[in-house]
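What follows is one structure encoded as structure tokens, with my remarks underneath.
The values are calculated or read from the model by the stated rules, or taken from the named source; none is laboratory data. Predicted model, so just to flag it, every value in this text is computed and none were measured. Ideal geometry is used to build each Cβ from the backbone, glycine not excepted, and the neighbour counts take in all protein chains shown. These accessible areas exclude ligands, DNA and RNA; they are computed on the full protein's heavy atoms, side chains included. Shrake-Rupley method; radii C 1.70, N 1.55, O 1.52, S 1.80 Å.
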Amino acid sequence: QVQLAESGGGWAQPGGSLRLSCEASGFTFSSSVLRWYRQAPGKERELVAEVLGVGITRYYADSVKGRFTISRDNAKNTAYLQMNRMKPEDTAIYYCNTNWRSVSYWGQGTQVTVSS
């Protein structure tokens, strides 16, 4: 069974930092692309960052470029999203996503709130 479990969300002040984790199981993690999405209330889901199985960064949304870093530790089957210099606009539920055998899988999401 493919499972993705996000953690690390919470509250941060503007300019602060959080690191999200995505623990994965049930598939060949090392060869699978990992994505972070986010969705704010009333807004569409947005692709935040994507990294290939070998750890090569493929994409960052313009809104987070230079502030967020996606990475992965294949030995631990875990992906990360380091969020620095956070803004209130980063407030959203953040989801980990992958594709395995032509099926898209999602974690349960972790809430991130940025406010003063």
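I'd like to check something: does the stretch 28-47 contain any residue that is among the small types (Gly, Ala, Ser), out of contact with any Phe, Trp or Tyr (no Cβ under 7 Å at 6 or more places or on another chain), touching a residue at least 60 places away in the same chain (Cβ under 8 Å) and closer than 18 Å to residue 9 by Cα?
Within the stretch 28-47, not a single residue is among the small types (Gly, Ala, Ser), out of contact with any Phe, Trp or Tyr (no Cβ under 7 Å at 6 or more places or on another chain), touching a residue at least 60 places away in the same chain (Cβ under 8 Å) and closer than 18 Å to residue 9 by Cα.
Identify all residues within the stretch 28-69 that are open to solvent by less than 40 Å² (accessible area, probe 1.4 Å), of a type in the set (Val, Ile, Thr) and not in a strand (DSSP E or B); write none if there are none.
Selection gives 33, 64.
Take the stretch 70-95 and flag every residue that is surrounded by fewer than 17 Cβ atoms within 10 Å (Cβ to Cβ), in a strand (DSSP E or B) and touching a residue at least 12 places away in the same chain (Cβ under 8 Å).
Once the filter is applied, which keeps residues that are surrounded by fewer than 17 Cβ atoms within 10 Å (Cβ to Cβ), in a strand (DSSP E or B) and touching a residue at least 12 places away in the same chain (Cβ under 8 Å), the stretch 70-95 yields 71, 82.
For the stretch 96-109, enumerate the residues that are open to solvent by 20 Å² or more (accessible area, probe 1.4 Å) and either assigned to a strand (DSSP E or B) or among the acidic types (Asp, Glu) (or both).
Of everything in the stretch 96-109, those that are open to solvent by 20 Å² or more (accessible area, probe 1.4 Å) and either assigned to a strand (DSSP E or B) or among the acidic types (Asp, Glu) (or both) turn out to be 99, 100, 103, 104, 105, 106.
For the list (1) in contact (Cβ under 8 Å) with a residue 12 or more places away in the chain; (2) closer than 20 Å to residue 3 by Cα; (3) open to solvent by 40 Å² or more (accessible area, probe 1.4 Å), I need the number of the one condition that residue 115 fails.
Only one criterion is unmet by residue 115, namely (2).
Cβ-Cβ under 9 Å, sequence separation 6+ or interchain: first residue in the stretch 2-13 and within 15 Å of residue 91 (Cα to Cα), partner open to solvent by 40 Å² or more (accessible area, probe 1.4 Å) and at pLDDT below 95. Which pairs?
13/116
Residues to consider are 85, 35; find the one that is modelled with pLDDT of 95 or more and touching a strand residue (DSSP E or B) at 6+ places or on another chain (Cβ under 7 Å).
Answer to the check: 35.
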